[in-house]
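Participant: Structure in structure tokens, see below.
The values are calculated or read from the model by the stated rules, or taken from the named source; none is laboratory data. Keep in mind that this is a model prediction, so the values were computed, not measured. Ideal geometry is used to build each Cβ from the backbone, glycine not excepted, and the neighbour counts take in all protein chains shown.
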Amino acid sequence: MNLQLLLLLMLLAPLVGATLNGISGRRLSQPIVSLIAYGSAGFSMIFAILAAWVYSTSTSQPAPFLHSYFTWIQAGDLRADYALYYDRLTLVMTLTVTVVAFLIHLYSRGYMEHEGGYYRFFSYLNLFLFMMLTLVTAANYPLMFVGWEGVGLCSYLLIGFYFRKRSASDAGKKAFIVTRIGDAGFSVGVALLFWTFHSLDFQTVFARIEALPQTEFEGTLTAIALLIFLGAVGKSAQLPLYVWLPDAMEGPTPVSALIHAATMVTAGVYLVARSSILYARAPGALAIVGLVGCLTALFAATIALTQNDLKRMLAYSTISQLGYMFLGCGVGVFAAGIFHLMTHAFFKSLLFLAAGSVMHAMNGELDMRKMGGLRHKLKITHATFLIATLAISGVPGFAGFFSKDEILAGAYEGPLGQPWLYWLGTITAGLTAFYMFRGLCLTFWGKSRVEPETQHHLHESSSKMTVPLMVLALFSIVAGYVSWPRVLGGGEAFDRYLEPVFSPAQEALRNTPPHHFEGLSAGLVMGFSVVAALVGIAVAVWWYWKSTDIPQKLTERFAGLHEILVHKYYVDEFYHCLIVRPICVTSDKFLWRKVDAGAIDGVLVDGTGHATARVGGVLRRIQSGNIRSYATWVLLGAVLWLLYIFVTR
Amino acid sequence: MVPLSHYLALSVILFVLGAAGFILRRNIISVFMCIELMLNAVNVAFMAFSRFLGSLDGQLFVFFVIVVAAAEAAVGLAIIIAVNRNRESLNIDDLDSMKM
């Protein structure tokens, strides 16, 4: 079993599944459709595990494995092969993606049972898996971009899955168009990269970047880095291109779990991590990455505080956590960012799947104000949701604590770390714990505010849905233990595992001017973040479980601020006013009426016709039928001809 | 000797008269007679040149022209009779059904 075959099989399995379901799924029964789907996802996972094992036991590791299958583009200097690149980072990504995808496929068997378009859903889901794996195993930027666009396409298809619902198809379009803006930046950045380095292969480009003298080309590198980051901003929903992600909750819940929590949105983080040497050599750009990540994390967390829709709250939470991942990369601790990517994939997808379970029980209702006390009827869902909430809040012992803490430590003392980044991150951690427990309390604890008609419908979900929940809950606990913090005496195995991948970048960052902060020791750094989390939890539990009128009073006292938060800082309205409306008006009044209907249709098409008709109308008068006028013309012609001959001889 | 230019002048005058009549006459038969006049004007020119250049080619060509004129007259008169049967008129302005 060699690695190139395994990787190819890992990629082809979901593609085959997607094709089978897409072409013949309509005629097949639901069990067969789902079998093809989770079967392919399962095979993909098995091949990913086998590939990981083969790679790990080969003698050449930790050197990356590179294999080119065929030449795809060859045009002068530009050469992009269909080539796969497998190193430790790829290993982490493929395992995370395939495991989570497989579990979500299993869950979807139960969740989508009563929905129409069953085969279509699974076809798209498998296609998405293929595209995502292409993205993370690509060996050059063009192939990665194929995967990038592919996941964007699948995201559009799946968000707008209930396409007869106007809001859903609008949300799909919004997602695609907003990420397109980022993709434009990505394309320009890649073009600039090619122009500078005459290659688009990862190995070649990164080697050339590493070989550059320290501060040369920094301007160009910064430009490239920022443009590529723009792509990440779009795809990973950071400021200012995050607006599509909350709307993307229109899609079925497994879609929200897989695409908009665990995998597609993390593609931007993967992009930055993969290009770590580029960013390390352009510290200005990297600082901006960190800044954007930190601000996004805080911004989204504040919005999540007041959301009443369960899935929307989780969506803003995702945006916030993605901000953390970019913060990690942005301060130079790339491994921590990837670590958080992995743990987040587990607990966030679990949160979404549990939310789906709640939604099923509540007959489609997602407003948390109409929930409450669900833990009695939905025991497994509640238990797993609780575990995931503890994980995301950064409670010690659960996965999120380890990864979040590493990022915050990096924010304080990492290569590009600044104390204020750490403090903002800690505040955000506190807010995260608060709003997550608010959600937990409103949904599962306390008195039941469920409407009577829905009460009868409350039931725990089938085992098809609860087993994946339990597996993910297990991962949400143990996934963190792969990296026991240094502060507590551990060896941070995960970070050291990824060291070969990020060492060129770390080397480069070591050369940036160091700074030392006489401030908190590493222990206190960890301590404060834990305290923030516990405070957040305590306040949430106090307000939303024990004494339930404080939120009401606060809403009244700070009504203005509350309004702003509930309306998400009016960003959507702002974009609508500034960008959407002008474009719509211009398109309608000018481009459609004047240019398309007026100039092109009117002048070029109709005008040509009219002109031809008019000229013809004039010329036809020669054909009068009057013989004498014909005779006159003949005579005239003969005279002119003779004159011509006499004049030219 | 009568100079060549006189003969040519005669030919030109006859031709112009024929052309003018061809355009200006209303009766179809008159138009045909004008056509014959134009052809004969050309015959005069051919004969004159034949005489003054000493070559018999011109006179031969006259034969051709006469034969063609005769054939054409025959066909043309047949057409006129057919048209007259249909339209009951010999006015050339009445034959205008080929207009756009």
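Participant: Could you tell me whether B:Phe32 is surrounded by 12 or more Cβ atoms within 10 Å (Cβ to Cβ), at pLDDT below 95, more than 13 Å from chain A (Cβ to nearest Cβ) and out of contact with any Ser or Thr (no Cβ under 9 Å at 6 or more places or on another chain)?
Facilitator: no
Participant: Continuing with the same structure: What number goes with the only condition from (1) surrounded by 11 or more Cβ atoms within 10 Å (Cβ to Cβ); (2) away from chain B (no Cβ under 14 Å) that A:Val634 does not pass?
Facilitator: Exception for A:Val634: condition (2).
Participant: Moving on to the next point. Any idea which of (1) under 24 Å from B:Leu8 (Cβ atoms); (2) within 14 Å of chain A (Cβ to nearest Cβ); (3) outside any helix (DSSP H, G or I) is the one B:Lys99 doesn't satisfy?
Facilitator: Failing condition for B:Lys99: (1).
Residue-by-condition table, conditions (1) more than 30 Å from A:Ile380 (Cβ to Cβ); (2) free of Cβ contacts under 8 Å to residues at least 60 places away in the same chain:
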| residue | (1), (2) |
| --- | --- |
| A:Asp495 | yes, no |
| A:Phe502 | yes, no |
| A:Val531 | yes, yes |
| A:Val535 | no, no |
| A:Tyr570 | yes, yes |
| A:Val580 | yes, yes |
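Participant: Have a look at A:Ile645, A:Ile583 and point out the one that is assigned to a helix (DSSP H, G or I), closer than 30 Å to B:Gly21 by Cα and more than 14 Å from chain B (Cβ to nearest Cβ).
Facilitator: The match here is A:Ile645.
Participant: Can you name every residue in the range A:597-625 that is within 9 Å of another protein chain (Cβ to nearest Cβ) and among the small types (Gly, Ala, Ser)?
Facilitator: Listed by number, the residues that qualify are A:Ser624, A:Gly625.
Participant: Do we have A:Ile392 as farther than 24 Å from A:Gly356 by Cβ and buried (at least 24 other Cβ atoms within 10 Å of the Cβ) here?
Facilitator: In short, no.
Participant: Also: Please work out which one of (1) assigned to a loop (DSSP other than H, G, I, E, B); (2) surrounded by 24 or more Cβ atoms within 10 Å (Cβ to Cβ) is the condition A:Ala273 fails and give its number.
Facilitator: (1)
Participant: Let me ask something else. Hey, among B:Ile92, B:Ile23, B:Ile79, which residue is within 14 Å of chain A (Cβ to nearest Cβ) and either over 21 Å from A:Arg628 (Cα atoms) or in contact (Cβ under 8 Å) with a residue 12 or more places away in the chain (or both)?
Facilitator: It is B:Ile92.
Participant: Can you find a residue that is among the aromatic types (Phe, Trp, Tyr) and farther than 26 Å from A:Leu298 by Cβ anywhere in the range A:240-251?
Facilitator: Looking for residues that are among the aromatic types (Phe, Trp, Tyr) and farther than 26 Å from A:Leu298 by Cβ, one finds none in the range A:240-251, hence no.
Participant: Is it the case that the range A:14-27 has a residue that's surrounded by 16 or more Cβ atoms within 10 Å (Cβ to Cβ), touching a residue at least 24 places away in the same chain (Cβ under 8 Å) and within 24 Å of A:Phe206 (Cβ to Cβ)?
Facilitator: Looking for residues that are surrounded by 16 or more Cβ atoms within 10 Å (Cβ to Cβ), touching a residue at least 24 places away in the same chain (Cβ under 8 Å) and within 24 Å of A:Phe206 (Cβ to Cβ), one finds none in the range A:14-27, hence no.
Participant: Quickly run through the range A:386-418 and pick out the residues that are in contact (Cβ under 8 Å) with a residue 60 or more places away in the chain and among the hydroxyl-bearing types (Ser, Thr, Tyr).
Facilitator: Answer for the range A:386-418, where residues must be in contact (Cβ under 8 Å) with a residue 60 or more places away in the chain and among the hydroxyl-bearing types (Ser, Thr, Tyr): A:Ser393, A:Ser403, A:Tyr412.
Participant: When A:Ile303 is evaluated against the numbered criteria (1) modelled with pLDDT under 90; (2) in contact with a helix residue (DSSP H, G or I) (Cβ under 6 Å, 6 or more places away or on another chain), which criterion, by number, is the only one it fails?
Facilitator: (1)
Participant: A further question on this structure: Looking at the structure I just gave you, is A:Gly430 surrounded by 24 or more Cβ atoms within 10 Å (Cβ to Cβ), assigned to a helix (DSSP H, G or I) and not aliphatic (A, V, I, L, M)?
Facilitator: no
Participant: Would you check if A:Phe334 is buried (at least 24 other Cβ atoms within 10 Å of the Cβ) and out of contact with any Asp or Glu (no Cβ under 8 Å at 6 or more places or on another chain)?
Facilitator: So A:Phe334 passes the test.
Participant: Could you identify the single residue in A:Leu640, A:Leu565, A:Leu578, A:Leu591 that is in a helix (DSSP H, G or I) and either within 14 Å of chain B (Cβ to nearest Cβ) or within 30 Å of B:Val12 (Cα to Cα) (or both)?
Facilitator: A:Leu640
Participant: Now for a different question. State all residues of the range B:1-20 that are crowded, with 18+ Cβ neighbours inside 10 Å and either among the β-branched types (Val, Ile, Thr) or more than 10 Å from chain A (Cβ to nearest Cβ) (or both); if no residue qualifies, say none.
Facilitator: B:Ser11, B:Leu14, B:Phe15, B:Gly18
Participant: Another question, then. Among the residues of the range A:459-482, is there at least one that is of a type in the set (A, V, I, L, M, F, W, C) and closer than 30 Å to A:Arg281 by Cα?
Facilitator: yes
Participant: Can you confirm whether the range B:78-95 contains a residue that is assigned to a helix (DSSP H, G or I), modelled with pLDDT under 90 and exposed (fewer than 11 other Cβ atoms within 10 Å of the Cβ)?
Facilitator: yes
Participant: Within the range B:55-65, identify whether any single residue is without any contact (Cβ under 8 Å) to a residue 40 or more places away in the chain, within 13 Å of B:Phe32 (Cβ to Cβ), more than 14 Å from chain A (Cβ to nearest Cβ) and hydrophobic (A, V, I, L, M, F, W, C), and answer yes or no.
Facilitator: No, the range B:55-65 contains no residue that is without any contact (Cβ under 8 Å) to a residue 40 or more places away in the chain, within 13 Å of B:Phe32 (Cβ to Cβ), more than 14 Å from chain A (Cβ to nearest Cβ) and hydrophobic (A, V, I, L, M, F, W, C).
Participant: Here is a further query. Exactly one of these conditions fails for A:Glu573: (1) out of contact with any Asp or Glu (no Cβ under 9 Å at 6 or more places or on another chain); (2) within 14 Å of another protein chain (Cβ to nearest Cβ); (3) modelled with pLDDT of 85 or more. Give me its number.
Facilitator: So A:Glu573 meets the others, but not (2).
Participant: Could you grab me the full set of residues in the range A:241-270 that are in a helix (DSSP H, G or I) and of a type in the set (Gly, Ala, Ser)?
Facilitator: Hits for the range A:241-270 are A:Ala248, A:Ser256, A:Ala257, A:Ala261, A:Ala262, A:Ala267, A:Gly268.
Participant: On the basis of being in a helix (DSSP H, G or I), within 14 Å of another protein chain (Cβ to nearest Cβ) and either at negative phi or out of contact with any strand residue (DSSP E or B) (no Cβ under 7 Å at 6 or more places or on another chain) (or both), does A:Arg628 make the cut?
Facilitator: yes
Participant: Applying the selection to the range A:335-364, what residues are outside any helix (DSSP H, G or I) and in contact (Cβ under 8 Å) with a residue 24 or more places away in the chain?
Facilitator: Of everything in the range A:335-364, those that are outside any helix (DSSP H, G or I) and in contact (Cβ under 8 Å) with a residue 24 or more places away in the chain turn out to be A:Met362, A:Asn363.
Participant: Being assigned to a helix (DSSP H, G or I), in contact with a His (Cβ under 9 Å, 6 or more places away or on another chain) and over 28 Å from A:Arg281 (Cα atoms) is the requirement here; does A:Leu440 meet it?
Facilitator: yes
Participant: While we're on this one: Provide a single number: the residues in the range A:34-60 that are farther than 16 Å from A:Phe102 by Cβ and touching a residue at least 24 places away in the same chain (Cβ under 8 Å).
Facilitator: The number of residues fulfilling the criteria is 4.
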